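For reference, the structure is listed below as structure tokens.
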Amino acid sequence: MELFKKVYWLIYPLLIVFFMLIFDQVYRIDSFLLKAFACGFVAFILSPRKKKIETQTGTKTQITWVFLKKPIFID
């Protein structure tokens with residue numbers, strides 16, 4: 001979990017590259033912009049979300065993701 005706290009921001013670009021490779025093999029779209037937009041949209045939907053939450057002890061940063069059961073607190 002500590003590694004995820006440090007590199008959660010890297011998941012979004014990796015998802016884009018992953019979906020670009022899949023879309024290239026499956027759909028064979030010639031337009032790079034259309035493929036990049038579609039992959040960026042899917043990666044945005046599946047990427048982790050970061051939000052600030054106000055608690056009694058102060059402001060904490062929370063990371064939630066579709067594939068995690070519990071949220072992760074950075075601070």
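What follows draws every value from the coordinates through simple rules; no lab data is involved. Given the structure is predicted, the values throughout are model-derived calculations rather than measurements. Backbone-built Cβ (ideal geometry, glycine too); neighbour counts: all protein chains shown.
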Pick from 45, 53, 63: which residue has the top mean-square fluctuation in a GNM of the chain where Cα pairs under 10 Å get a spring? 53
Setting aside same-chain residues fewer than 8 positions from residue 60, which lysines have a Cα under 16 Å from its Cα? 5, 6, 50, 51, 52, 70
Projecting the Cα atoms of 27, 14, 74 onto the charge dipole of the chain, where Lys and Arg contribute +1 and Asp and Glu -1 at Cβ, the residue farthest towards the positive end is 74
Which number do you get for Rg(Cα) / (2.2 N^0.38 Å) in the chain? 1.39
With θ taken as phi - 60° and the coefficients 6.51, -1.76 and 1.60, list the Karplus ³J(HN,Hα) couplings across the range 33-43 in order, rounded to whole Hz; mark glycine and proline as x. 5, 5, 5, 5, 5, 5, 5, x, 5, 5, 5
Where in the chain are there trypsin sites (Lys or Arg not before Pro) that are in a DSSP coil and have at most 12 other Cβ atoms within 10 angstrom of their Cβ? 28, 69
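In what order do 1, 20 fall by count of nearby beta-carbon atoms within 10 Å, going from fewest to most?
On the way: 1 7, 20 17.
Arranged by neighbour count, lowest to highest, 1, 20 become 1, 20.
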